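The values are calculated or read from the model by the stated rules, or taken from the named source; none is laboratory data. Remember, it's a predicted structure, so these values are computed and weren't measured experimentally. Reconstructed Cβ throughout: ideal geometry from the backbone, glycine too, with neighbour counts over all protein chains shown.
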Amino acid sequence: MFRSFGISPVSFSDPIPTSVDVLIIGGGVIGITTARDLTKRGLSVLVCDKGRIAGEQSSRNWGWVRSMGRDPDEVPIAMAANIAWQELQHELGDGIGFRPAGIAALARTAAEMAEFQDWTDNVATQFGLDTRMLSAEAACAMVGAKSGKWLGGMYTPSDGRAEPFTAVKTIATSIHGAGCFIRENCAVRVVETEGGRVSRVVTEAGTVKVNAVLCAAGAWSSLFLSNMGVRLPQLAVKGTVARTVPVDSFFEGAGSFGDVCIRRREDGGYTVATGFCQHYIGANSFRFLREFIPSLPSASELSLAVGNDATQRGVFPRRWRPNAISPFEKLRVNDPAASSRALSEFRQRLIANIPQLADVEFAEVWAGMIDATPDVVPVMDSLSSIPGMYVATGFSGHGFGIGPAAGKIMASLIVGEDVNFDLSRFRFSRFSDGSKLRAGPGI
């Protein structure tokens, strides 16, 4: 029943080239889609992952491809990602699993309805997104609920779902066949500079000359960048997810139904999750406390726990050298145990809100570490202090759905082309330039 992601065999073991145009640290959805776009532009690319392609959150997420309810600055990028997912489905087929089957959010209170109405009127309308409000009757009919169960909701027909277990691996296989170098079980130890600009990358398997480096290491990004003297406020939270055995379909899309979330799967079951997350208190919890305080009121289902989070720096800053074993070689795949509390909550919430799944057996359960920034939106930027160094991380649970568009953005940044989006909200300097951080919506 419990899924383990850390024991899958190595699929990509290319020899380390002597030089490439771009080296990407991290083989998740952001790193792989960036590599795809760079490869299509004719650049030589090496993707290094300390463990497995999509071994961590890129295969463990809910599988939503969502524009609805996002931070307004993310919406146009999320809409572009939806189109990119459609293109990937057309090009690569079943392994992607994308379906524009719609996403719904149903409301139990007048306050929730007002929040949905405000977002629909002021955000969806601004960007031409097809979100619409649902009456109580329509909301109940959508999921086969008894009359009076829901006050209403909002629904976006164009939003969709894809299959995290297979999607990123499918994309990686396609770009590998097109000439992109990919090496699993290969941690990047350090990025070296010459004249202040990135020049070489030392991996555990050898050194590579580079023109540019992208850090897309998910929850490990802050730790990696700290070795370069770069401070990135980022923390990780553990989310637990389950999938049911196959069951008759009553809703083909994905949705938030009160305090439980589901997604129809290609295997005939449903993915089940909630907003409940756990954060293991460590040195970074205190190091970044000031930045994260404004976002705490919206983290109503966050539980603090004592435990080991390998993605955090210790109390005393430490550095590792090119010839030393790095922290990334000590834990190839961060494979945390599913939360028994979360699983109990799943069952109780299904009973209360989705009776069709109340007694359906869970075929698998798993957990993953979600990387979060204080304002719950990502960093997509170059580092002005280190020319040639780029960062795409902190997607705060939104990375899978928005990934293909984020990959296009980062590829454009790296080659110096117009990205066609306003990225000011996602700049790295917002954590240090005195700006007041604004947390994204909790819808």
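Sort out which residues of segment 101-139 are under 26 Å from the mean Cα position of the chain (by Cα) and among the hydrophobic types (A, V, I, L, M, F, W, C), and write them in order of number.
Ala101, Ile103, Ala104, Ala105, Leu106, Ala107, Phe116, Trp119, Val123, Ala124, Phe127, Leu129
Could you say whether any residue in segment 388-397 is at pLDDT below 95, buried (at least 24 other Cβ atoms within 10 Å of the Cβ), within 15 Å of the chain's Cα centre (by Cα) and of a type outside the set (S, T, N, Q)?
Keep residues of segment 388-397 that are at pLDDT below 95, which gives 396-397.
Those still in the list that are buried (at least 24 other Cβ atoms within 10 Å of the Cβ) too: none.
No, that holds for no residue.
Go through Ile370, Ile351 for me and flag whichever is of a type outside the set (Asp, Glu) and free of Cβ contacts under 8 Å to residues at least 12 places away in the same chain.
The conditions single out Ile351.
Would you say Arg265 is touching a residue at least 24 places away in the same chain (Cβ under 8 Å), touching a Pro at 6+ places or on another chain (Cβ under 9 Å) and not β-branched (Val, Ile, Thr)? Steps first, answer last, please.
Values: touching a residue at least 24 places away in the same chain (Cβ under 8 Å): yes; touching a Pro at 6+ places or on another chain (Cβ under 9 Å): yes; not β-branched (Val, Ile, Thr): yes.
Against the criterion (touching a residue at least 24 places away in the same chain (Cβ under 8 Å), touching a Pro at 6+ places or on another chain (Cβ under 9 Å) and not β-branched (Val, Ile, Thr)), Arg265 qualifies.
Yes/no matrix, rows are residues, columns are (1) assigned to a loop (DSSP other than H, G, I, E, B); (2) out of contact with any Pro (no Cβ under 8 Å at 6 or more places or on another chain); (3) over 26 Å from Phe250 (Cα atoms):
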site	(1), (2), (3)
Ser67	yes, yes, no
Arg70	yes, no, no
Pro76	no, yes, yes
Met113	no, yes, no
Gln117	no, yes, no
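Applying the selection to segment 1-23, what residues are at pLDDT below 95 and of a type in the set (Phe, Trp, Tyr)?
Residues satisfying the conditions are Phe2, Phe5.
Looking at Ser174, Ser158 in this structure, which one is farther than 16 Å from Pro17 by Cα, in contact with an Asp or Glu (Cβ under 8 Å, 6 or more places away or on another chain) and in a loop (DSSP other than H, G, I, E, B)?
Values: Ser174 fails: in a loop (DSSP other than H, G, I, E, B).
Within the list Ser174, Ser158, the selection yields Ser158.
Let me confirm something: among Arg183, Arg200, which residue is at pLDDT 95 or above and out of contact with any Leu (no Cβ under 8 Å at 6 or more places or on another chain)?
Working: Arg183 fails: out of contact with any Leu (no Cβ under 8 Å at 6 or more places or on another chain).
Arg200 is the lone residue from the list that is at pLDDT 95 or above and out of contact with any Leu (no Cβ under 8 Å at 6 or more places or on another chain).
List the strands (runs of 3 or more DSSP E) that sit entirely inside segment 209-320 and contain at least 2 residues that are β-branched (Val, Ile, Thr) and under 18 Å from the mean Cα position of the chain (by Cα). Walk me through it before giving the result.
Values: elements: 235-244, 254-257, 260-264, 270-281, 302-306.
It comes to 235-244, 270-281.
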